[in-house]
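Below: the structure, in structure tokens.
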Amino acid sequence: NWIGNKKIFDFFNHINNARLAKVIDEASERLGFIDPVVFIDNDFIRYVELPALLKNKEGVIYYIRDYLNSQDYFRKHGKRLEPKLIKDATVVTANSAYLQEYAENYRAKAWDIGQGCEFDFIPEAEVPKPADLEPVKGPIIGYTGAIVSMRLDERLMLQLAEENPAWNFVLVGPVDEVFRNSRLNGLKNVWFLGTKKGSELPAYIYHFDVCINPQVLNEMTIGNYPRKVDEYLAMGKPVVATKTRAMEMFKDFVYLCENAAEYQAAIRKSLEENAPEKQERRKQFALTHTWENSVKKLYNAYAASK
């Protein structure tokens, strides 16, 4: 990818694509596959020429689950390569409405098939409070995941914490340089609890009063499918999140906000209105976002494209 010249890059990238196509054809022949459907998961550089190069195929599905061209590495050549793959694939699917609309800039039809989540983490009984959460008293406003400035709005979180000292903001996950040096670290109502194993996270979510997803708005996040929101909802938790195009599908179950004032109002409302029937509605909604349902939509999209 360090090669800047488009013609030279395309020459060597063609060689890579041809090698990969040859290996896929040989493998499918050895396995006895007849007219296989090839699924490309967001990798538009190494597989951009597969629709043309594969000999043994019925079709090619291109699946977009992140807008990778928001990153410098992919943008360098991806701005011209991804549209080509979108045009040439048999069918294009995406995990959000925003990415579906992005694909439809380059072809007549793309399909939003959502994304599956695994829900075997949901506790069936009361969960003890983790030891490092024990000192946190009062309402807990929690977040789990990577605490990185590319995805989270540090200024929004700072404003919320400073203006609401009675709320405790608990952040569980690895921290980048921006958050490591943030004034958040000096606030008594902000708790950075560090990286945890995936199996440990449900215990923290279980004891959150409100879950938040304070995304910063940029090219990467605006169309990103928020799997963590499904995980929060599957445990019945009230969720307050930044409003994006991808989040619109959650609007009946999540408080969507555009600024700090709306966040504060939504968190207050969440703390006041967390009735059992609302918890159950959240759970049932999240549990429809399974891989089985996503794959059914994938099959339907492929059948409709033929």
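Excluding same-chain residues fewer than 8 positions from Lys57, which aspartates and glutamates have a Cα within less than 17 Å of its Cα? The qualifying aspartates and glutamates are Asp25, Glu26, Glu29, Asp35, Asp41, Glu49, Asp88.
Within 10 Å, count the other beta carbons around each residue, average over each peptide in 155-161, 37-43, 87-93, and list them highest first.
In descending order of packing, they fall as 87-93, 155-161, 37-43.
Return the calculated 222 nm mean residue ellipticity for the chain, to the nearest 500 deg cm²/dmol, obtained by summing -39500 (n - 2.57) across DSSP H runs with n ≥ 4 and dividing by the residue count. Could the numbers behind the result be given before it?
Working: 11 runs with 120 residues, N = 306.
Taking each H run of at least 4 residues, the total per residue is -12000 deg cm²/dmol.
Listed by chain and number, the aspartates and glutamates whose C-alpha is less than 14 Å from the C-alpha of Lys296, apart from same-chain residues fewer than 8 away, are Asp112.
So between Phe121 and Lys55, what do we pick up on full extension, going 0.36 nm a residue minus the alpha carbon distance?
Details: separation 66, 0.36 × 66 = 23.76 nm, distance 4.22 nm.
That pair, Phe121 and Lys55, stretches by 19.5 nm at full extension.
Peptides 49-57, 225-233, ordered by how many other C-beta atoms sit within 10 Å of their residues on average, highest first, read 225-233, 49-57.
Can you compute the charge dipole magnitude of the chain about its Cα centre, using +1 on each Lys and Arg Cβ and -1 on each Asp and Glu Cβ, nothing else charged? Give it in debye, rounded to the nearest 20.
840 debye
Accessible surface for Ile222 stands near 50 Å², nearest 10, in the context of the full protein assembly shown (1.4 Å probe). For the pair the range 1-80 / the range 97-141, the C-alpha centres are spaced 29 Å from each other.
Ignoring lysines fewer than eight residues from Lys251 along the same chain, the ones with Cα atoms less than 23 angstrom from its Cα are Lys228, Lys237, Lys243, Lys269, Lys278, Lys283, Lys297.
Placing Lys237, Lys79 in order of accessible area, with the largest value first and a 1.4 Å probe, yields Lys79, Lys237.
Over the range 44-165, what is the mean sequence separation of C-alpha contacts under 8 Å (at least six apart), divided by residue count, expressed as relative contact order in percent?
Numbers: 97 pairs, mean separation 23.2, N = 122.
Relative CO of the range 44-165 lands at 19 percent.
Once R0 is set to 30 Å, what does the formula 1/(1 + (r/R0)^6) return for the Cβ-Cβ distance between Leu193 and Leu287, expressed as a FRET efficiency to the nearest 0.05?
Calculated value: 0.65.
Taking the centroid of alpha carbons for each part, the range 181-222 and the range 246-262 are 17 Å apart.
What does the extension gain come out to for Gln159 and Arg180, with contour length at 0.36 nm per residue minus their alpha carbon separation? Working shown, then result.
Values: separation 21, 0.36 × 21 = 7.56 nm, distance 1.66 nm.
Stretched fully, the Gln159-Arg180 segment lengthens by 5.9 nm.
The values are calculated or read from the model by the stated rules, or taken from the named source; none is laboratory data. Remember, predicted model here, so these are calculated numbers, not experimental data. Positions of Cβ are generated from backbone atoms using ideal geometry, with glycine treated the same way; all protein chains shown enter the neighbour counts. Calculation scope for accessible area: heavy atoms of the full protein, side chains included, ligands and nucleic acids excluded. Shrake-Rupley method; radii C 1.70, N 1.55, O 1.52, S 1.80 Å.
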